C-alpha cells in the first residue's frame with residue numbers, strides 16, 4: 001500500500017493533528033471533513049447556511065483538485081449538520097456541485113456540536 005498526503009493552500013490548513021486528505025494507492029482519496037473556513041484568512045464564513053455550505057464545498061473542491069480529481073470522482077459523502085432544519089438549504093447547495101444522475105452515495109447526520117461551532121461539515125471519499 002502507498003499513502004500520499006494531499007495538501008493545498010487553496011483549502012484551510014488543518015486545525016488539529018490531521019491532513020486535508022490521504023491518497024491511497026494513487027487511486028482512492030479520503031478527505032478530512034471540511035468546514036467553512038476561508039483558506040486565505042482562516043476566518044469562518046457563517047453569513048447564512050447557504051454561503052457557509054458553499055464555502056465548505058469550495059474547500060472540498062480545492063482538496064479534490066489537489067489530488068487531480070473532481071466531484072465526478074466522489075463515490076461517498078458524509079454530511080454532519082448541527083440542525084436538521086437546515087437540511088434543505090444545505091442539500092440545495094451541495095446538489096449544485098454534482099450531476100444528479102451520477103451523484104455519490106451519502107448520509108446526512110445531525111450532531112450535537114461541530115468544530116468551532118459551525119453548522120455543517122462534509123467529508124468525502126473519491127476514486128480515480
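The values are calculated or read from the model by the stated rules, or taken from the named source; none is laboratory data. Quantities reported herein were computed from a predicted structural model and do not represent experimental measurements. A quick note on method: Cβ atoms are made from the backbone with ideal geometry, for glycine too, and the neighbour counts reach across all protein chains shown.
Any residue at all in region 70-81 that is on the phi < 0 side of the Ramachandran plot, part of a helix (DSSP H, G or I), crowded, with 16+ Cβ neighbours inside 10 Å and touching a residue at least 40 places away in the same chain (Cβ under 8 Å)? Looking through region 70-81, at least one residue is on the phi < 0 side of the Ramachandran plot, part of a helix (DSSP H, G or I), crowded, with 16+ Cβ neighbours inside 10 Å and touching a residue at least 40 places away in the same chain (Cβ under 8 Å).
In the set (1) free of Cβ contacts under 8 Å to residues at least 60 places away in the same chain; (2) closer than 28 Å to residue 27 by Cβ; (3) touching a helix residue (DSSP H, G or I) at 6+ places or on another chain (Cβ under 6 Å); (4) surrounded by 21 or more Cβ atoms within 10 Å (Cβ to Cβ), residue 90 fails one condition alone, (2). Looking across region 27-69, the residues that are free of Cβ contacts under 8 Å to residues at least 24 places away in the same chain and surrounded by 15 or more Cβ atoms within 10 Å (Cβ to Cβ) come down to 45, 55, 58. Looking at residue 52, is it part of a helix (DSSP H, G or I), under 16 Å from residue 11 (Cβ atoms) and either in contact with a strand residue (DSSP E or B) (Cβ under 8 Å, 6 or more places away or on another chain) or modelled with pLDDT of 95 or more (or both)? Yes.
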